[in-house]
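Here, each number is a calculation from the coordinates, and none is a lab measurement. The model shown is predicted, which means the values in this text are computed figures rather than measured ones. Here the Cβ is made from the backbone with ideal geometry for all residues, glycine too, and neighbour counts use every protein chain on show.
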Amino acid sequence: SPYWPGLIEAYRHRLPVSPSTPVVTLQEGATPLVPAPELSRRTGCDVWLKVEGANPTGSFKDRGMTMAITKALEEGAKAVICASTGNTSASAAAYAARAGLTCAVLVPQGKIATGKLAQALVHGATLLQVQGNFDDCLALASKLAIDYPVSLVNSVNQYRIEGQKTASFEIVDVLGDAPDVHCLPVGNAGNITAYWQGYREYAADGPATRTPRMWGFQAAGAAPIVRGAVVERPETIATAIRIGNPASWTKALAARDESGGRIDAVTDRAILAAYRLLARTEAVFVEPASAASVAGLLQVAEAGGLERGQRVVCTVTGNGLKDPEWAISGAPAPVTIPVDSAAAAAQLGL
Ligand code: F0G
C-alpha cells in the first residue's frame, strides 16, 4: 500500500514492542535507495545510495529515535538526554517534542553545524554547549542519566540500535537480497553495529541468503578504530564524526571481522571530493560526514581492493542542508547583475 506508517509499524514483528506500546513516529524510514551511475562507472560495480537524509529530521538518527523515545515513554520517563555532534540532538528534540517529553542535549561548543543547532532549538530542547568534544559530552550525559531521573537516548541505548537495524531490512526488501559490500561512515560506531545486526537477522530468518562485507570509514583526524587507540583531540571538517573514543568500538570491530570487512581512514580532502562528486553527478546533497562512505569506496576501488561486478550499497547518513557552509565555500561567488537580459546573457555566455 502507498501508506507508510513509520518503521516501527512496518517492522513491528522484528522490534521489541507490544500492542500496548505507545508508538512515537514521524513516519521515518522507507528512504530512497537510489542507483548511482557515476559511482558504478568509476568502480565497475553496481552502486546504490541509501539516502538517509530523506528522514523527517534529515538523518538516519530518526530510525533509532522513534524506538528510543517510544520506549522512554512506555517506561514512564519524563525527560531524555543525549550527547551529540548535532544529528542525534536534532532527532531527539523532534521526537521528544512529539511525545511531550522534556529534552536536554549536550553538544561540543562551536563544533556542530548551524542547521542542527537550529533544529534542536526550534523543537524546544534545552541545549548546553560543553567546553569539550563529543567524547566529553557523552561521558557527561551518561553520568547525568545515572545520577538524575533522565533517560539516555544515545546509541549505547539498545533501542536505538534496534530502530537503526531496519535500514538493512529495507535494503534487502528492495534489492531482493543483501549486497556484496555495504559502506558507511563511522563515528560513535552505533550505525555500523545496527546495520550488521539487521543483516544478520535477515540472513538468519530467511529474507536474505547472505550478509554483506561491512566497510566502515572514519575521518583520518578522528580514526581511533583504525589506529587502535583513543584520539584525544579528534579533528575533521566532518563534524558529525569528530569522535575520538567511540562507544560501540568493540561492536564495530565485531561487525568488521565477522563480515570479512574493513574499517579504514579517509582524509578530509577525499571526503570533500566525494561530497562534491555526489552533488554534481549523482545529484544527492549530503553533509560532509555522509560522503565518507563514498570517499572510502572510491579509495578502496582505486587501490584495487574492490572486484568489478559487485553490488555495493553506500549509506549517506545526513542531508546536505544541515551544513551548507561547505557547499557555499567550495563554489564560485555568485555574480550580481542589473534587471537586464543582455547583462544576464553576457554573464551566462549565451
Ligand atoms: N553520519 C552522520 C551524518 C552522523 O551524524 C553520524 C553520527 C555518523 C555518520 C556516524 O554514525 O556515530 O553511529 O557511527 N552522529 C552522532 C550524533 C554522533 O551525535 O549526531 P555512528
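Brief remarks follow.
- Conditions (1) out of contact with any strand residue (DSSP E or B) (no Cβ under 8 Å at 6 or more places or on another chain); (2) surrounded by 18 or more Cβ atoms within 10 Å (Cβ to Cβ); number of the one not met by Glu232: (2)
- Just one of the listed residues (Thr250, Thr267, Thr239, Thr336) is free of Cβ contacts under 8 Å to residues at least 60 places away in the same chain and closer than 15 Å to Ala220 by Cα, namely Thr267.
Condition check ((1) of a type in the set (Asp, Glu); (2) assigned to a loop (DSSP other than H, G, I, E, B); (3) farther than 22 Å from Thr114 by Cα; (4) within 13 Å of the ligand (Cβ to nearest atom)) across all residues:
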| site | (1), (2), (3), (4) |
| --- | --- |
| Phe217 | no, no, yes, yes |
| Gly221 | no, no, no, no |
| Ala229 | no, yes, yes, no |
| Glu232 | yes, yes, yes, no |
| Glu235 | yes, yes, no, no |
| Ala240 | no, no, no, yes |
| Asn245 | no, yes, yes, yes |
| Lys251 | no, no, yes, yes |
| Ala255 | no, no, yes, yes |
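- Screening the candidates Ala83, Ala72, Ala54, Ala93 for the property of being in contact with a Cys (Cβ under 7 Å, 6 or more places away or on another chain) and under 22 Å from Lys165 (Cβ atoms) yields one hit, Ala83.
- Condition check for Glu201: within 16 Å of the ligand (Cβ to nearest atom) and of a type in the set (Asp, Glu): no
- Test: residue in the range 309-327 that is of a type outside the set (D, E, K, R), under 28 Å from Gly29 (Cβ atoms) and away from the ligand (no atom under 16 Å from the Cβ): yes
- Looking only at residues of the range 166-188 that are more than 12 Å from the ligand (Cβ to nearest atom) and in a loop (DSSP other than H, G, I, E, B), we find that the one that is surrounded by the fewest Cβ atoms within 10 Å (Cβ to Cβ) is Gly176.
- Conditions (1) within 16 Å of the ligand (Cβ to nearest atom); (2) surrounded by fewer than 20 Cβ atoms within 10 Å (Cβ to Cβ); number of the one not met by Ser341: (1)
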